[in-house]
Each structure stands twice: as structure tokens, then as C-alpha cells.
1. Over the range 73-223, calculate the relative contact order: mean separation of alpha carbon pairs under 8 Å at least 6 apart, over the residue count, as a percent.
2. How much of the accessible area of the chain, in percent, comes from carbon and sulfur atoms when a 1.4 Å probe is used?
3. How much FRET efficiency would the formula 1/(1 + (r/R0)^6) give for Asp175 and Leu12, where r is the Cβ-Cβ distance and R0 is 35 Å, rounded to 0.05?
4. Checking a compactness column here: for the chain, what do you get for Rg(Cα) / (2.2 N^0.38 Å), N being the number of residues?
5. State the Cα centre-to-centre distance between the range 7-47 and the range 124-142 in whole Å.
6. Multiply the residue gap between Arg42 and Glu88 by 0.36 nm, knock off their C-alpha separation, and tell me the result in nm, one decimal place.
7. Please work out the average accessible area per residue across the chain, using the 1.4 Å probe convention, and give it in Å².
8. Could the peptides 201-207, 144-150 be put in order, highest first, of the mean number of other beta-carbon atoms found within 10 Å of their residues?
Amino acid sequence: MLVTDHQAFRALRQHPELAHRPVALLSSWPPPSLTLSGANDRTRFERAEMTPLHASNDWILWEPTELLPLPLFGLASVHTLAADGQKETCPRDDAGFALCGDARWMRPGPMEVEVGGRSSECIWAHPLPGRTLRITYPQVQARDERGRMLTLLTGLRDSSVGGGVPVDVSVQIGDQTLTHTHRDKRGWQALELPGVEAPSELTLEISSDNPGRRHFCYQFEYRP
């Protein structure tokens, strides 16, 4: 289940009957799975042609028009890698963000970021000084039921474009590895992932030679 609100995320994670179920913060649009939202967010979900399954005065549970097996950040493990290869785990806070440093920009997680002139829900993953950010998703499907390919979209916040320094992303899915360089430009840049047959682990390694003001985020979608 996906949730749009940090308070709901914490409540579901602590619920005695639901704590063992996968719960994640919404990080893509339209939502690919059952999603719990605040009642005041109704219009946005109705425009996405989602169906309300249950409603109360405060919350609505929505069902999507199409179930998509998109990678969920709430199920991913997050680490940092030093130059000497030493790995450190980034623990999660109650809202689902990974704590890879004290500053807020060092906390990967779902966030609204303006990319290409539009506000988008994506995974904030600002590269770190002197370290590589590693995010690993378990059991990712490279193709959906309609044969569309899983695609990685990367972006920089519009206000940070102009620094000239790219962000480097290494992608490993199954036994295949690709490299992706996000150029210092506005808008999303896409990388189609290999069509591995079986559900496989997907790992992103994100770094930059000069991470200052590299307000970087990413999202996934299935494309023909």
C-alpha cells in the first residue's frame, strides 16, 4: 500500500495487524497501487481516474485504474560507499526518509521537485560529498504485463540547473550494468533498462565530482 501522508505512513508501520505488510510513501504519479490519501486530496485522485474503495471524514483509500509493479522506495535499502569501499547503512526515519547525513538534502526519499517547469513527485537523491549513494530495490520487474520497458527518469531541480557538473548514475539490474550521465539541463532524461526476464534486484549508485547544488531526483515508469 502507498500513502501520501507521513502521519499515515507512521500509523500503518506501527499498526499491529499491518506492520508486516509493505507500506511506502507515494513517489510516482499516477499511483501504481492502492493508495491512502487525505480526504482533501480527492480532486487529484479523481483526475487520475482512480476509484475510492473506502472513505472516512479524514482518509480515502483509492484503487488505481491499472496496477503497475513499479519499484517502491519504501522497500529499498539505502547505503553510502566511501572511496575505500567502506559501506554504511542509512537508517530510515518515521516518515520513510533515509538518513545519510545530518542536513535535510542528505536524506533520500519521496519529494515534490520542479523539473522542466512542472512539479513532479520523485525520489530525492542528492549526491553526497566524498561518497556514493547506493539505493537497492528488491525483485524489480523489467517489463510490465503489456510488455512495456522499465525506464529510469532523472532530473535536476530547475533552480539548480546551470552549475555545469553532471550527476553520474550506475545502474545494475540482474547481471547487467549500465551507466547514465545526467547532463546539466532542465527536464527529465531517460534511460531504458535491460529487459531481464525474471524479477531481479535493481541497484542505483549516484555520485558527482562536485555535488554542490546538484538537487537531483529520479522516478520510474513503464514505456512502450
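The values are calculated or read from the model by the stated rules, or taken from the named source; none is laboratory data. The structure presented is a predicted model; accordingly, all values stated were derived computationally and were not measured. Neighbour counts are summed over all protein chains in view; Cβ atoms, including those assigned to glycine, are modelled from backbone coordinates with ideal geometry. Remember, those area values only see protein heavy atoms, side chains included, never the ligands or the DNA or RNA. Shrake-Rupley method; radii C 1.70, N 1.55, O 1.52, S 1.80 Å.
1. 28 percent
2. Carbon-and-sulfur percentage of accessible area, whole number: 45.
3. The pair Asp175/Leu12 has a calculated efficiency of 0.50.
4. With N residues counted in the chain, Rg over 2.2 N^0.38 Å equals 1.01.
5. For the range 7-47 versus the range 124-142, the Cα centre distance is 23 Å.
6. Contour length minus Cα-Cα distance gives 12.6 nm.
7. Computed with neighbouring chains in place, this is 51 Å² per residue.
8. Highest mean packing first, the order is 201-207, 144-150.
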